[in-house]
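A.B. asks: This structure is in structure tokens; I'll ask about it shortly.
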Amino acid sequence: MDNPLFFIALIAAVIVLAIFLPRWVRRSSRTAGERAEQRVTASRLEELLGELGSTLVLHAPEPVAREIVDGVALQQPRKFTVLPDGGYGIRFVEPDDSLVRLVEDQGGTRVQIERFREYLGRPQTTEFWADLCSRIASAASARGVATTAGPTLRHRRDDASGTWSLE
């Protein structure tokens, strides 16, 4: 007959594998998924930052540009907020997740994002910013104000708060 010690060792090895193997598989699967997510996020992040760094120049003085942007922001109160300090908020969760400012420019007034927060590991207000810019451009053209694309701005991330602000 075969040695019973061999069978006992084999049973013990199967029990140990049954205990530790699922944990190891879950942990290695999770880390592989996190690495893949980081690669996708990093590749998409440059595109998102480029979109959020885009600006729009209204070829009009600041009071006229402010009237146009106020009108657009007040039409969509769930997306956009007129802030008390003269800026505009783009809402994802909070009313000021992205802070939009009007800045004097050589050709008129530039509309730009000054600061934005990231949620779920990336900026979430890109689509709202594109919507705001297109609405401003169409409202400006309806009033006879010319618009052009302005310079692309760069933002820097604060790792502690997950907030991006102008460099």
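A.B. asks: Under a plain spin-label model, where a point goes 7 Å from the Cα along Cα-to-Cβ, how far apart in nm are Val14 and Leu166?
C.D. replies: Roughly 7.0 nm, to one decimal.
A.B. asks: Follow-up question, since we're still on this one. Roughly how many debye, to the nearest 20, is the charge dipole of the stretch 11-128 about its Cα centre, given +1 on each Lys and Arg Cβ, -1 on each Asp and Glu Cβ, and no other charges?
C.D. replies: Dipole magnitude for the stretch 11-128 comes out near 1000 debye.
A.B. asks: Okay, next question. In nm, give the distance between the simple-model label positions of Arg44 and Arg122, each being 7 Å from the Cα along the Cα-to-Cβ direction.
C.D. replies: Spacing of the two 7 Å Cα→Cβ label points: 0.3 nm.
A.B. asks: Follow-up. Show me the trypsin sites (Lys or Arg not before Pro) within the stretch 1-81 that DSSP assigns to loop and that have at most 14 other Cβ atoms within 10 Å of their Cβ.
C.D. replies: Numbers: sites: Arg23, Arg26, Arg27, Arg30, Arg35, Arg39, Arg44, Arg66, Arg78, Lys79; in loops: Arg78, Lys79.
When the trypsin sites (Lys or Arg not before Pro) of the stretch 1-81 are filtered for loop state and at most 14 Cβ neighbours within 10 Å, Arg78 remain.
A.B. asks: Report the gain in length on full extension from Leu83 to Leu21: 0.36 nm times residue separation, minus Cα-Cα distance, nm rounded to one decimal.
C.D. replies: Once the chain is fully extended between Leu83 and Leu21, it gains 16.8 nm.
A.B. asks: Order by neighbour count: Trp164, Trp24, fewest other Cβ atoms within 10 Å first, most last. Intermediate results must be reported in sequence, preceding the final value.
C.D. replies: Values: Trp164 23, Trp24 10.
If I rank by nearby Cβ atoms, fewest first, I get Trp24, Trp164.
A.B. asks: Limiting things to C-alpha atoms, what are the Rg and the maximum Cα-Cα separation (Dmax) for the chain, in angstroms?
C.D. replies: 26.4, 100
A.B. asks: Checking understanding here: applying a Kyte-Doolittle mean of at least -0.5 and a length along the axis of at least 27 Å (C-alpha), which whole DSSP H helices in the chain pass? Could the numbers behind the result be given before it?
C.D. replies: Details: long enough: 4-52 (70 Å, 0.51).
The qualifying helices are 4-52.
A.B. asks: Could you point to the residue in Val69, Leu21, Leu132 farthest towards the positive end of the chain's charge dipole, with +1 and -1 charges on the Cβ of Lys/Arg and Asp/Glu respectively?
C.D. replies: Leu21
A.B. asks: Treat every Asp and Glu Cβ in the stretch 42-91 as -1 and every Lys and Arg Cβ as +1, leave all other atoms uncharged, and give the resulting dipole magnitude about the Cα centre to the nearest 20 debye. All intermediate terms of the calculation are to be shown ahead of the outcome.
C.D. replies: Details: 5 positive and 7 negative charges, 52 e Å.
Dipole of the stretch 42-91, to the nearest 20 debye: 240 debye.
A.B. asks: Hey, what number do you get for the chain at 222 nm if only DSSP H runs of n ≥ 4 count, each worth -39500 (n - 2.57), divided across all residues, to the nearest 500?
C.D. replies: On the way: 3 runs with 80 residues, N = 167.
Helix contribution divided over all residues of the chain: -17000 deg cm²/dmol.
A short reminder: the numbers here are calculations on the coordinates, not readings from a lab. All values derive from a computational prediction rather than experimental measurement. Positions of Cβ are generated from backbone atoms using ideal geometry, with glycine treated the same way; all protein chains shown enter the neighbour counts.
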